[in-house]
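A short worksheet on the structure shown next.
Readers should treat all values here as calculations from the given coordinates under stated rules, not as data from a laboratory. The model shown is predicted, which means the values in this text are computed figures rather than measured ones. Note that we place each Cβ from the backbone using ideal geometry, even for glycine, and neighbour counts take in every protein chain shown.
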Amino acid sequence: MRVFSKLLPKLTWKQLLSGVGMIALIAFSGLMVFETTKTEVTLTENGEKQSIKTHADTVEELLAESGITYEKHDAINHQLNTPVKNGMNITYDEANEVTVKVDGDEKHYYTTTDTVGELLKDEGIQLTKHDNMSLDKDASVEDGMTIAIDKAFQVTVNDGGDKERVWTNGGTVEQLLNEHEIELNKLDKIKPAKDKKVKKDTPVTITRIKKVTEEVKAPIDYQVEKREDNSLAKGKRNVIAKGKKGLVVKEYEVTKENGKEINRELIDKTVKRKSESRIVAIGTKVSAQNLTTLSDKSSSDKSGKVMYMNATAYSSNCSGCSGITATGINLNKNPNKKIVSVDTSVIPLGTKVWIEGYGTAIAADTGSNIVGNRIDLHFPSRSSALNFGRKTVKVKVLD
């Protein structure tokens, strides 16, 4: 320091300033040379463009110089070892990680596409118009996003017998009904249940239940009332009143499944018009000259008499039948009882008879159409009565 102080007077301030200026000039010149020797390139990073001057030799060095870490899924328009040239355009897009769930199956993708639609196209994921996706195809791709896809499939819906194949993305049976605007009524049945999951191989069956009220008009047969008339010759008949059928209205609750009747229940019955009995006078007058002959024959006529009669059949539940015979027998409680309906002028009530193909029976009933050489046989059911039909049979009076 002392030596420098001794020398300083010998130097002029002018010479000192001149030296400092020279050093500054050299430094500035060096800086200018450094800057002018830089290469100028255009770097577009994730869509943002900027102009960069660099001394980097390769694209990889340029990225590192710009603070960009290249990963294998990222997109760049040059190889990393490509030499950097003046005026070069370098485009770099960082890959986004996206999760795609198809029917619950999850896969991860790295993509540099801009939209969801472009991602699906790049990865070969095809959609139909019936498929359901959680995002629109025009939605922007973002890192970490999840795209859920429900692939559509067809199921068979049997609606009251009408079958149709419909598209669905799964979910519950109730959701399927809502999608296709299928409404259920209160009584309708559905299988599987509405809260069950829809599956590809499981058809959906709807049974349409409907209850309607139906009125049926039915005639009421008139009764035949026979009155003995001692002013009328024995064997003669005289119709005093023709008789008139009545009318009953029966109200039924009819249950139908898919339009077909499955049950019918009588809920009300109203007699609109009562029947009027047919009254027939039966002659009992016997001439004096025939009294002796009648007395002689009476004992032999009681039993052993054989006749051939026109036979029909009926059951206790026929239309207009009460189930109670003219003699008071309840056929509803005794459905298997052998009872025949007769014309009392031919076979008196209470007579025991044998009938070909039917067996032994009691004459205990009458009917408006059972007149003369006719007989009506009681059977326990309507079907067995219909099976008998109408035929001529041999009838033997037993007692």
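Taking a threshold of 19 Å on the Cα-Cα distance, which of the pairs Lys121/Lys197; Lys305/Lys352; Lys305/Lys337 fall above it? Could you put the intermediate results ahead of the total?
Details: Lys121/Lys197 31 Å; Lys305/Lys352 11 Å; Lys305/Lys337 23 Å.
Distance filter (> 19 Å) returns Lys121/Lys197; Lys305/Lys337.
Run the numbers on the range 39-93 and let me know its relative contact order in percent, using alpha-carbon pairs under 8 Å that are six or more apart.
Working: 90 pairs, mean separation 27.3, N = 55.
Rounded, it is 50 percent for the range 39-93.
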Counting Lys and Arg as +1 and Asp and Glu as -1 over every other residue whose Cβ sits under 13 Å from the Cβ of Gly47, the net charge comes to -4
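Quick check on the chain: helices-only [θ] at 222 nm, where DSSP H runs of length 4 and up contribute -39,500 (n - 2.57) each and the sum goes over total residues. Nearest 500, please. Walk me through the intermediate numbers first.
Working: 7 runs with 73 residues, N = 399.
Mean residue ellipticity, 222 nm, calculated: -5500 deg cm²/dmol.
How do Glu253, Glu183 line up, fewest other C-beta atoms within 10 Å first? Walk me through the numbers before you get to the answer.
Details: Glu253 14, Glu183 7.
Fewest to most other Cβ atoms nearby, the residues stand as Glu183, Glu253.
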Apply the Karplus curve 6.51 cos²θ - 1.76 cosθ + 1.60, θ = phi - 60°, to the phi angles in the range 121-137 and return the couplings in whole Hz, x for Gly and Pro.
5, 4, 8, x, 8, 9, 10, 9, 5, 8, 6, 10, 10, 6, 10, 6, 5
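In what sequence do Thr111, Thr205 fall when counting other Cβ within 10 Å, fewest first? Let's see the in-between values first.
Working: Thr111 20, Thr205 16.
Listing Thr111, Thr205 from fewest to most nearby Cβ atoms yields Thr205, Thr111.
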Antiparallel as a % of all DSSP beta bridges within the range 83-232, to the nearest 5?
75 percent
Given a cut-off of under 8 Å on Cα pairs at least six residues apart, what relative contact order in percent is computed for the chain?
9 percent
For the chain, longest principal axis from Cα atoms; helix 13-36 axis from its Cα atoms; angle between them, nearest 10 degrees, is 30 degrees
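Of Phe388, Phe379, how do they rank once you tally other Cβ atoms within 10 Å and put the fewest first? Intermediate values should be presented prior to the final figure.
Numbers: Phe388 16, Phe379 20.
Going from least to most buried by this count: Phe388, Phe379.
Measure up Lys211/Lys250; Lys189/Lys250; Lys163/Lys191 against 19 Å on the Cα-Cα distance and list the ones that go over. Walk me through the intermediate numbers first.
On the way: Lys211/Lys250 16 Å; Lys189/Lys250 29 Å; Lys163/Lys191 14 Å.
The answer is Lys189/Lys250.
Compute, for the chain, the length of the dipole vector about the Cα centre, with Cβ point charges of +1 (Lys, Arg) and -1 (Asp, Glu) only. Units Debye, rounded to 20.
On the way: 60 positive and 56 negative charges, 1021 e Å.
Once rounded to the nearest 20, the dipole reads 4900 debye.
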Of all DSSP beta bridges in the range 35-168, antiparallel share, percent nearest 5:
75 percent
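Count the net charge of all other residues whose Cβ sits under 15 Å from the Cβ of Ser316, scoring Lys and Arg as +1 and Asp and Glu as -1. Walk me through the numbers before you get to the answer.
On the way: positive: Lys333, Lys337, Lys338, Arg382; negative: Asp221, Asp365, Asp376.
It works out to a net charge of +1.
Before anything else, pin down the relative contact order of the range 144-286: Cα pairs under 8 Å, at least 6 apart, normalised by residue count, whole percent.
23 percent
Between the DSSP loop rule and a limit of at most 16 other Cβ atoms within 10 Å, which chymotrypsin sites (Phe, Trp or Tyr not before Pro) in the range 40-139 are left?
Values: sites: Tyr70, Tyr92, Tyr109, Tyr110; in loops: Tyr70.
Here the chymotrypsin sites (Phe, Trp or Tyr not before Pro) that fit, given the DSSP loop and packing criteria, are Tyr70.
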Tilt relative to the chain, helix 288-301 - C-alpha long axis, 0 to 90 degrees, to 10
50 degrees
Where both residues lie in the chain, what percent of DSSP beta bridges are antiparallel, nearest 5?
75 percent
Could you list which residues have their amide H under 5 Å from that of Thr351, counting only those 5 or more apart in sequence or on another chain, with H placed in the peptide plane?
Ala363
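Mind putting a number on the dipole of the range 182-230 about its Cα centre? Charges go on the C-beta only, +1 for Lys and Arg and -1 for Asp and Glu, and I need it in Debye to the nearest 20. Walk me through the intermediate numbers first.
On the way: 14 positive and 10 negative charges, 199 e Å.
With only Lys, Arg, Asp and Glu charged at Cβ, the dipole is about 960 debye.
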What is the Cα centroid distance between the range 84-114 and the range 233-283, reported in whole angstrom?
89 Å
